[in-house]
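The values are calculated or read from the model by the stated rules, or taken from the named source; none is laboratory data. Everything quoted here is computed from the prediction, not taken from an experiment. Here the Cβ is made from the backbone with ideal geometry for all residues, glycine too, and neighbour counts use every protein chain on show.
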Protein chains: 2
Amino acid sequence: MDKCLVTFHPDNKKVKVNKGTDILNAAIAAGVYINSSCGGEGVCGRCKVIVRKGDVRSEPTGRLTKEELQKGFCLACRSTIHSNAGIEIPLSSRLKKQQILTEEAKVERLRGVFSEAGEIEGGIELKEREVFSHSPLATKLFLKLPPPTLKDNLSDLERLYREVRRKRDIPILQTGLANVKKIGKIFRESNWEVTVLLGKRNETTEIVLLEPGDTSGRDFGVAVDIGTTTIVAALIDLNTKKTLSTKAAYNRQASYGEDVITRMIYAGKESGLERLHHLIIDTMNELVLAMTDECGISLNEITCVMCAGNMTMVHLLLRVDPTYLRREPYVPTANFMPVIRAAEAGIKINPRGLLDCIPGVSSYVGADIVAGVLASGIDEKEALSMLIDIGTNGEVVLGNKDWLTCCSSSAGPAFEGSGVSSGVRAMEGAIQRVEITPKDFEVTYSTIGKTKAIGICGSGYIDSLAELLKAGVIDRSGKLREDIASARVREGKEGLEFVLVRGKETQDGEDVVVTQVDIINLIRSKGAIYTAAKVLVNKMGLELTDIKKIYLAGGFGNYLNIEKSIRIGLLPDLERDRFEFIGNTSLAGAKFALLSYDAMRKAKEIARKMAYIELSVEPSFMNEYTGSLFIPHTDIDRFPSVMSSQLTRPKGPEKF
Amino acid sequence: MDKCLVTFHPDNKKVKVNKGTDILNAAIAAGVYINSSCGGEGVCGRCKVIVRKGDVRSEPTGRLTKEELQKGFCLACRSTIHSNAGIEIPLSSRLKKQQILTEEAKVERLRGVFSEAGEIEGGIELKEREVFSHSPLATKLFLKLPPPTLKDNLSDLERLYREVRRKRDIPILQTGLANVKKIGKIFRESNWEVTVLLGKRNETTEIVLLEPGDTSGRDFGVAVDIGTTTIVAALIDLNTKKTLSTKAAYNRQASYGEDVITRMIYAGKESGLERLHHLIIDTMNELVLAMTDECGISLNEITCVMCAGNMTMVHLLLRVDPTYLRREPYVPTANFMPVIRAAEAGIKINPRGLLDCIPGVSSYVGADIVAGVLASGIDEKEALSMLIDIGTNGEVVLGNKDWLTCCSSSAGPAFEGSGVSSGVRAMEGAIQRVEITPKDFEVTYSTIGKTKAIGICGSGYIDSLAELLKAGVIDRSGKLREDIASARVREGKEGLEFVLVRGKETQDGEDVVVTQVDIINLIRSKGAIYTAAKVLVNKMGLELTDIKKIYLAGGFGNYLNIEKSIRIGLLPDLERDRFEFIGNTSLAGAKFALLSYDAMRKAKEIARKMAYIELSVEPSFMNEYTGSLFIPHTDIDRFPSVMSSQLTRPKGPEKF
């Protein structure tokens, strides 16, 4: 088949592809990342590129203006390459390298968040919890074996088993033929001093590795949170339980769609599953490599990986077709995935090292939420507690030590900085705090890392919405008022918008704006989350006020304003000290499970006992959702503290 | 479902398969045999094929070079068929088919021997024994799964586990990722009617295979006795417990040495281990192929293999270095080998099928003897019993339901027809009975299958020795008398010899002779076996007369003359009804363990409780052995019935 050489600018990255390949796939093959939220369907119009030279054939699209067409723009997903070509990726279409670099900064925050959420020693969470035993997914054990004699003539393997069992209580011990083949030589060449790696494979223990001499001092594992948008990995010393490094990267699957539904659909296309699988694996391998490089650890010394993530991500990680997740009755292929060798999934650690996944509950409540329950410990509390994980899907868990119930709602990616005009994730330059003075509509804001602004992250949007309402820029339905005396409200490309930060103060010189469309998106998102919490509580015959503690998880960096979250109606109006922001609990839970098989056993117990409620079939759902599409809610009586804090009762529809 | 027609070259074999089938399975379905040693895991890279035409989709692999990829090579196990296709199997990837012509005749006899030794139903042995449950190493189970609903929304895998557990009590159930990947599609395309193959992996059960529809009616296994000289395999219907075919072949390793010591030494040479391993595997594959061809069974329908054999053979079967077996203190790498996929050892059955080995006791008392104890049932008897297995090594087991002890002596291969001038195995044309009239030294003999003679097998040699002595052709030291009036005694190439059958009556026209050297060999062999039995009994503070029953096992065909065996001093002089000839108990035991996990559990118990006595360090051994190098023994008083049956006390040294 004919090959075409494609050069991507400005990175100057080159790749040879088959004639007829589309630009999106050519870019991925070249390691160049292009925005795309529809999964290459030609619908979102985010993957605009400019053809500099070559025979590139594009399908007609309504997503490009005449001006753009004249400038040589085309959609990467709808254009195929038929000769050597030069393609430019404009700034707006790039998952910028600069942004990947800024992840270094985010790492610090994640680390901070994690230690708040439950660092294994001394963390806030753990103090409240029963301490799990130190029993990692894979443990090294040094053994001095008594050499055989005519009297003690046990075979090599049974001798090894006997010695392991003298030190550990392991009822079912197994090993593969690969180790049996090596054992005779290793024993005799190492003077009967060997290190075994004991790996947990559910109810059985495997002798995973056999090494001459004492290598027990070096045993490392990786905990990973595979998010739809971001993958975060932590390198852990399995002996000291310390986190040595934490790194994050975009989930490169983002080129094939922003949410799990788009990814599932893409997985059903030809080679789609393989492609999505490899994009996760490549990202994970890069994170692992970066961490081992940083810490001077060999990949061979990493003996196990524990993964958390939503159900779609866990399926794609293991190259299991996620098609059936989105088809009624929405069942996963497996909530409890088998323990495998990491190499089977393509993860480059010790070739015999293990990979395990925290179990999930249902198609839309996955391992990330089970990890969150594990990390927050609501499954062990007497008092009624709730965990709200705010992401592209908003998952809510309600319960106590006796029972757990959960649901999921499509919140959309607005709070993750996607699908909103100036949205960015919680990263350096992201606006995270906002205040607007009611008289002159002046804006005070702060960014993560205190650098120039590049956009608004989730917590910044929550603040913005609350402040815009308080200042009277929007009404309770979210409508921007055209009549206020400020140039900040203006007509933009997509209708009215509020200029939060002017271009002269931003990194790229572009104004940071909140548009009318953004506000509607944000209201829908906050409404979906509130509704999920309310319907779940209703379903159990309880009231929101019965909840003694609400844990908030999500990728907000290390800041989330509870007061303002209540003011916009994202969270119910309860005493403020009932709320606690605990950050990325998915990663925290994965660390727990990596370091302690007791924690993993607990995670399994949680996954088994948690009852899933399908919101879409709950009769009260649509009513509740419609009511939540105001700020804070159609029924203002549900938010008494918000009502009393406002001088005048704001306008809006009366209580139904 | 779409069907694709696949043509395999150069055999031009055609098969129709479902779209999406991988090439490896398509080939097996077509009866074309492709090398693959990893069980279709994409790991070994042995199943390289060339796609000549058609839509074949391959997963990325590191097992192919760029050159190979350019030439259209792909791995059969990692490539799926999506249209009619033409596939070429290069020579290097092909499993050669060879006819074992001489074996055809032996089958009938081995079958006969086995049914005497312990056919699963109605056999002599089983009548005396507790009947083991019907629980094969791998069992198929047909399931009609309730499809998931919004209320019963268990994941596919947990649904499968639930249904299996409704029908079977299995505490620890596991499955590999390969099956998890298929499960969603298979369930939905088969209308939730599937067959699972449940395999025993020691204390756990694996879902080995998942097939659409009801295939439970066809589930076959193979039991194998891997002898140093001969490999015998039986094809068993795991549902009906019937033996469908039994075939035997020489162990091709014989070209690398006759006994296990030579093989061990060869294994220590460069590529020696690999070579010996492959010779066993190739032989086994041919036997399996011949049996499946004969019975119209596809290799894919064979789901498990149970092996017995001496410790060296089991090590070589699994490519485990046997070097340490022959070095003091003589310990095996493993008495209990892990259950593996048969494909891991290179056995061509279903690519996911299992291979298990009966456990052994020590370097020189292996799985064959444990299988023999299992088949004879001496571990359950009140009365003191003995099992003597006459082979290249002579192993002796002594005990009852409370204790078992065993030893091994190097008997040499004479009774297996090796290392003696006219020796053949028990096969068609082998002389098995001999009588010699004292006056004229005329010989009456019968051959197996009543055909022309081709040589002498073990039972023929026992008869010959006894008759030569009775006729006065040899004296009690085994010396041929030159002075007898018969042309049958003559000077041969290696000294004096006795012509048993003249060339005109033999198949190849060559005289069948017993040489002086043969006689010395045979006396050494019989002496070694008698000595092992005597020293073992001494060691336990007992007398040979305390033994209530002696079971004789070995490759003698279906005939062994007990009277004559006592007359030459191979067996102790006890009442004749205390002896029972039970044939190939190694194969019988392997069949038991294949068909019943209870039997396998019993085999493990036997292996654990049997105490091994190292003869070479027993002080009385050399004295006893020296005394046994006469016919029947230096101490004729040990053989009172032999003494009294002879008219005159034969010449020979007096009692020491």
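Observations on the structure shown:
- Any hit, the stretch A:571-579, residues being under 26 Å from the mean Cα position of the chain (by Cα), at pLDDT 95 or above and closer than 30 Å to A:N239 by Cβ: no
- When the stretch B:503-516 is filtered for residues that are closer than 26 Å to B:G478 by Cβ and either assigned to a loop (DSSP other than H, G, I, E, B) or touching a Ser or Thr at 6+ places or on another chain (Cβ under 6 Å) (or both), the ones remaining, listed by number, are B:E510, B:D511, B:V512, B:V513, B:V514, B:T515.
- Checking A:L500 against (1) in contact (Cβ under 8 Å) with a residue 40 or more places away in the chain; (2) of a type outside the set (S, T, N, Q); (3) not in a strand (DSSP E or B), the condition it does not meet: (3)
- Residue selected from the stretch A:151-173 under the condition facing chain B (nearest Cβ under 8 Å) and in contact with a helix residue (DSSP H, G or I) (Cβ under 7 Å, 6 or more places away or on another chain), by the criterion surrounded by the fewest Cβ atoms within 10 Å (Cβ to Cβ): A:L154
- Pairs are defined by a Cβ separation below 8 Å, a sequence spacing of at least 6 or placement on different chains, a first member in the stretch B:1-27 that is under 17 Å from B:C77 (Cα atoms), and a second member that is in a helix (DSSP H, G or I) and not hydrophobic (A, V, I, L, M, F, W, C); the pairs so defined are B:V17/B:N25; B:D22/B:R78; B:N25/B:N300.
- Evaluating B:K185 against the criteria (1) farther than 22 Å from B:G296 by Cβ; (2) touching an Asp or Glu at 6+ places or on another chain (Cβ under 9 Å); (3) in a strand (DSSP E or B) leaves one unmet condition, (3).
- Filter result for the condition that a residue is touching a residue at least 12 places away in the same chain (Cβ under 8 Å), among the aliphatic types (A, V, I, L, M), touching an Asp or Glu at 6+ places or on another chain (Cβ under 6 Å) and farther than 26 Å from A:L209 by Cα, over A:A308, A:A248, A:A267: A:A248
- A:N191 meets all of the listed conditions (1) at pLDDT 95 or above; (2) within 14 Å of chain B (Cβ to nearest Cβ) but one, namely (2).
- Considering the stretch B:617-642, and only residues there that are within 33 Å of the chain's Cα centre (by Cα) and free of Cβ contacts under 8 Å to residues at least 24 places away in the same chain, the residue that is surrounded by the fewest Cβ atoms within 10 Å (Cβ to Cβ) turns out to be B:V617.
- Test: residue in the stretch A:139-150 that is under 30 Å from A:F592 (Cβ atoms), touching a residue at least 12 places away in the same chain (Cβ under 8 Å) and either touching a Gly at 6+ places or on another chain (Cβ under 7 Å) or facing another protein chain (nearest Cβ under 9 Å) (or both): no
- The stretch A:517-630 holds no strands (runs of 3 or more DSSP E) entirely within its bounds that carry 3 or more residues that are hydroxyl-bearing (S, T, Y).
- Test result for B:I280, touching a strand residue (DSSP E or B) at 6+ places or on another chain (Cβ under 7 Å), closer than 22 Å to B:A29 by Cβ and either more than 11 Å from chain A (Cβ to nearest Cβ) or in contact (Cβ under 8 Å) with a residue 12 or more places away in the chain (or both): no
- Residue list for the stretch A:549-582, filter: of a type in the set (K, R) and in contact with a strand residue (DSSP E or B) (Cβ under 7 Å, 6 or more places away or on another chain): A:K549, A:R578
- Lone qualifier among B:D440, B:D368 - being of a type in the set (D, E) and under 30 Å from B:K200 (Cα atoms): B:D368
- Residues of the stretch A:5-44 satisfying the condition of being within 28 Å of the chain's Cα centre (by Cα) and among the β-branched types (V, I, T): A:I23, A:I28, A:V32, A:I34, A:V43
- Among residues of the stretch A:290-341, those that are β-branched (V, I, T) and within 12 Å of chain B (Cβ to nearest Cβ), counted: 7
- Those residues of the stretch B:435-461 which are of a type in the set (A, V, I, L, M) and within 24 Å of the chain's Cα centre (by Cα), in sequence order: B:I448, B:I456
- So B:S376, is it at the interface with chain A (Cβ under 10 Å from one of its Cβ atoms) and either among the polar types (S, T, N, Q) or touching a helix residue (DSSP H, G or I) at 6+ places or on another chain (Cβ under 8 Å) (or both): no
- Yes/no for A:G419 being in contact with a Pro (Cβ under 9 Å, 6 or more places away or on another chain) and either in contact (Cβ under 8 Å) with a residue 40 or more places away in the chain or more than 30 Å from A:M600 (Cβ to Cβ) (or both): yes
- Candidates in the stretch A:202-232 are the residues that are within 14 Å of another protein chain (Cβ to nearest Cβ) and either out of contact with any helix residue (DSSP H, G or I) (no Cβ under 7 Å at 6 or more places or on another chain) or not in a strand (DSSP E or B) (or both); of these, the one that is surrounded by the fewest Cβ atoms within 10 Å (Cβ to Cβ) is A:E203.
- The selection criterion, being within 25 Å of B:I207 (Cα to Cα) and either more than 16 Å from the chain's Cα centre (by Cα) or crowded, with 24+ Cβ neighbours inside 10 Å (or both), does not hold for A:D293.
- Test result for B:M313, among the hydrophobic types (A, V, I, L, M, F, W, C), in contact (Cβ under 8 Å) with a residue 40 or more places away in the chain, under 30 Å from A:R162 (Cβ atoms) and in contact with a Cys (Cβ under 9 Å, 6 or more places away or on another chain): yes
- Residue satisfying condition, being of a type in the set (D, E, K, R), under 19 Å from A:Q432 (Cβ atoms) and more than 30 Å from the chain's Cα centre (by Cα), within set A:K504, A:K493, A:K470, A:K479: A:K470
- Selection within the stretch B:237-263 - at pLDDT 90 or above, surrounded by fewer than 17 Cβ atoms within 10 Å (Cβ to Cβ) and not in a strand (DSSP E or B): B:N239, B:T240, B:K241, B:K242
- Condition met for A:R490 (among the basic types (K, R), surrounded by 18 or more Cβ atoms within 10 Å (Cβ to Cβ) and part of a strand (DSSP E or B)): no
- B:A430 touching a Phe, Trp or Tyr at 6+ places or on another chain (Cβ under 6 Å) and buried (at least 22 other Cβ atoms within 10 Å of the Cβ): no
- If you filter the stretch A:439-487 down to residues that are without any contact (Cβ under 8 Å) to a residue 24 or more places away in the chain and charged (D, E, K, R), you find that the one that is surrounded by the most Cβ atoms within 10 Å (Cβ to Cβ) is A:R481.
- Exclusive hit being in contact with a helix residue (DSSP H, G or I) (Cβ under 8 Å, 6 or more places away or on another chain) and among the basic types (K, R), set A:K479, A:K493: A:K479
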